[in-house]
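Undergrad: Structure incoming, see below.
Rule-based calculations on the coordinates, nothing more; no lab input. In this text, all values refer to a predicted model and were calculated from it rather than measured experimentally. A quick note on method: Cβ atoms are made from the backbone with ideal geometry, for glycine too, and the neighbour counts reach across all protein chains shown.
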Amino acid sequence: MAESRNCLPTNSRAETIAVIGGGIAGLASAHFLTSAGKRVTLFESSDRFGGLGTFFSYRDKFFERFYHCMLPGDNDLMGLLSDLQIDQHVYWRPSTFGYINNGTIHGLNTPAELLRFSPLPFADRLRVGFTGLYGSAVSGRGLDDTTAVEWLTRLSGRRAFQMFWKPMLQAKFGSGYHDVPALWFWTRFNREKGTKEEVKGYIRGGYKFITDQIVSSLESRGCLLQKNTPVESLDLNDQGTPVITVGGEPLEFDKVIVTTPVETLRRIAGKKQLQKSLHPVDSSIDYQGVINVVLFMRRPLSNHYWIAAMNDGLPFQAIVETSALLDPEDTDGLHLVYLAKYLHRSHPEFAQSDEEIRNAYIGGLRGLIPYIKAEDIIEAQVFRAPFVEPLYRKGYLRLKPPEELIPRRVYLATSTQVYPSVTSWNSSTGLARQVVQSMLQSD
């Protein structure tokens, strides 16, 4: 009988590899490693796998705590789904973007809609349109050393930047918006380049279905999956072998991939040797967090997937109506809306109670869109994540952490490394594939 492609010859000792973190980067890393016949142990500190793709249940269905979708160019994620033989469950829908101003929702998806965008003077509408065209036509070379503020102001003009672009940057990066590289914005301009119309994808059963399929595949390959198992420390012993401590017990592995936020890496790095090797990981790298209030509604808000809500005084900055994208069977026929605000985990609002956040966000929505009544909202749930989007700054290509922290021993696959790609399940999957390939080539 032919030998399985996932097994090593019986006279060989398969390398033992630990993956720290059970988000998509960790799951994908374990998938690629076990596909190569490696013995893998995956450590996850929480009670479930999936990271930002974790879920909650409502009416016997599961929903993401934080909104997700796919784009046609998400080749790395689609490749993973193909490996799992579930890519046929992905479906695609047209998707539109809106901008709400003084209670009016403006579509901003075609040149004609931009020309009718009354919050901006006509000359500024033309310059904003030119900025989009120019950004999707030119190379991103040199834009890592230019701030988005400088680049967008030069292309759109100071007034258009202040009225249109600045609120969007602030909504994503808070007070750190002024140092975000133009390359980050250029990448967003080009992420859907080549598509005739804007479409987004989802998978039947949601991102929980993806996670479940990866976990099932890993189990079938002998991967040891350790939930509720926080790593207390990671270091090297006197022989240079990685040692992970969990529950007070030291465990040796040939190699380790760390996929958690770098903040976690700094916390668990042992003082014996690993702390000395952290100098390539810039100590000032930080993350923006997010608050999501998930609403189940009896009626739709609009026909847009995403609405930018930049009015002063609003408690949130984005309205993401995922039911504009999802099939009704994936939402039990309800309308699913995410009210989102990006902010640092140290911000006082991040520590508010669920009730305070829920009341503020629902009150803000009803004040913004008066036709929404209290009885239209069936259920509201609050979720927070402290480490979502790295806070990029000019010259970040030179600052982002290396994939190999300790040669042939400790590797990194974190969201701080996907730049200039947009942070997503696709970019994390691509990074995991790249890191595992580098690890295997070093054998």
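Undergrad: Before rounding to the nearest 500, sum -39500 (n - 2.57) across all DSSP H runs of length at least 4 in the chain and divide by the residue total; then give [θ] at 222 nm in deg cm²/dmol. Intermediate results must be reported in sequence, preceding the final value.
TA: Details: 12 runs with 124 residues, N = 443.
Computed mean residue ellipticity for the chain: -8500 deg cm²/dmol.
Undergrad: Which residues among the stretch 29-68 fall inside the zone where the amide N is under 19 Å from a point 7 Å beyond the Cα of L278, along Cα→Cβ?
TA: What the label zone holds, given the 19 Å backbone N cut-off, is 45.
Undergrad: Have a look at T153, T104, T96 and tell me which one the Gaussian network model of the chain (Cα, springs below 10 Å) gives the largest fluctuation.
TA: T104
Undergrad: Would you work out the Kirkwood radius for the stretch 166-239? I mean one over the mean of 1/r across all pairs of different Cα atoms, in Å.
TA: Working: mean 1/r = 0.0561 Å⁻¹.
That comes to 17.8 Å for the stretch 166-239.
Undergrad: So between R267 and D212, what do we pick up on full extension, going 0.36 nm a residue minus the alpha carbon distance?
TA: Details: separation 55, 0.36 × 55 = 19.80 nm, distance 2.92 nm.
Contour length minus Cα-Cα distance gives 16.9 nm.
Undergrad: At a Förster radius of 41 Å, what calculated FRET efficiency corresponds to the Cβ-Cβ distance of A351 and R398, to the nearest 0.05? Present the calculation step by step, with values, prior to reporting the outcome.
TA: Working: r = 34 Å, r/R0 = 0.84.
Computed FRET efficiency for A351 and R398 comes out at 0.75.
Undergrad: A further question follows. Restricting the calculation to Cα positions, tell me the Rg (one decimal) and the Dmax (whole number) of the stretch 330-387 in Å.
TA: 12.9, 37
Undergrad: For R188 and N228 in one chain, what is 0.36 nm times their gap in residues minus the Cα-Cα distance, to one decimal in nm? Present the calculation step by step, with values, prior to reporting the outcome.
TA: Details: separation 40, 0.36 × 40 = 14.40 nm, distance 3.57 nm.
10.8 nm is the gain from fully extending R188 to N228.
Undergrad: Only sites in a loop by DSSP and with at most 12 other Cβ atoms within 10 Å count here; which chymotrypsin sites (Phe, Trp or Tyr not before Pro) in the stretch 308-374 make the cut? Could the numbers behind the result be given before it?
TA: Numbers: sites: F316, Y338, Y342, F350, Y361, Y371; in loops: F316, Y371.
Listed in order of number, the matching sites are Y371.
Undergrad: For Q273, list long-range residues whose amide hydrogen, built 1.01 Å from N in the peptide plane, is under 5 Å from its own amide hydrogen.
TA: L236
Undergrad: Now a separate question. In 10 Å bins starting at 0, how do the alpha-carbon pair distances of the stretch 286-390 split up by percent?
TA: Values per bin, smallest distances first: 15, 48, 31, 6, 0.
Undergrad: FRET efficiency for E197 and D443, Cβ-Cβ distance as r, R0 = 56 Å, nearest 0.05?
TA: Details: r = 45 Å, r/R0 = 0.81.
The computed FRET efficiency comes out at 0.80.
Undergrad: Next question, about the same structure. Along the Cα-to-C-beta direction of N102, a point sits 7 Å from the Cα; which residues of the stretch 148-181 have their amide N less than 18 Å from that point?
TA: 160, 163-164
Undergrad: Further, regarding this structure: Any idea what the relative contact order of the chain is, in percent, if you count C-alpha pairs under 8 Å spaced at least 6 apart?
TA: On the way: 847 pairs, mean separation 102.4, N = 443.
Rounded, it is 23 percent for the chain.
Undergrad: Specify the residue with the greatest mean-square fluctuation among S233, S277, S136, computed from a Gaussian network of the chain linking alpha-carbon atoms under 10 Å apart.
TA: Looking only at S233, S277, S136, the largest GNM fluctuation is found for S277.
Undergrad: Hey, in the GNM for the chain with a 10 angstrom Cα cutoff, which one of A413, A309, A351 fluctuates hardest?
TA: A351
Undergrad: Could you work out how much longer the chain between V138 and N237 gets when fully extended? Use 0.36 nm per residue separation minus the Cα distance between them, nm to one decimal. Show your work: numbers first, answer last.
TA: Details: separation 99, 0.36 × 99 = 35.64 nm, distance 4.96 nm.
Answer, rounded to one decimal: 30.7 nm.
Undergrad: Related question: Taking the alpha-carbon set of the chain, what are its Rg and Dmax in Å?
TA: Using the Cα atoms of the chain, the pair Rg, Dmax is 22.7, 74 Å.
Undergrad: Further, regarding this structure: Please list, in order, the residues from the stretch 75-102 whose amide nitrogen is less than 17 Å from a point placed 7 Å along the Cα→Cβ vector of E329.
TA: Correct set: 86-93.
Undergrad: A further question follows. Considering all projection directions equally, how large on average is the shadow of the alpha-carbon convex hull of the stretch 339-443, in square nanometres? Kindly include the intermediate steps, with their values, before the conclusion.
TA: On the way: hull surface 39.7 nm².
The Cα convex hull of the stretch 339-443, projected and averaged over all directions, gives 9.9 nm².
Undergrad: At 20 °C and 1.002 mPa s, what whole-number value in µm²/s does Stokes-Einstein give for the translational diffusion of the stretch 110-189, with Rh from the Kirkwood sum over Cα pairs? Please report the intermediate quantities before stating the final value.
TA: Values: Rh = 12.8 Å.
Result for D is 168 µm²/s.
Undergrad: What is the Å³ per residue value for the convex hull set by the Cα atoms of the stretch 56-144?
TA: On the way: hull volume 18.3 nm³, N = 89.
Per-residue hull volume (Cα only) is 205 Å³.
Undergrad: Write down the Kirkwood hydrodynamic radius of the stretch 198-304, to one decimal in angstroms, obtained as one divided by the mean of 1/r over all alpha carbon pairs. Before the final figure, lay out the partial values.
TA: Details: mean 1/r = 0.0555 Å⁻¹.
Value: 18.0 Å, from the Cα pair sum.
Undergrad: For labels at I378 and E252 in the simple 7 Å Cα→Cβ model, what's the distance in nm?
TA: In this crude label model, I378 to E252 measures out at 5.7 nm.
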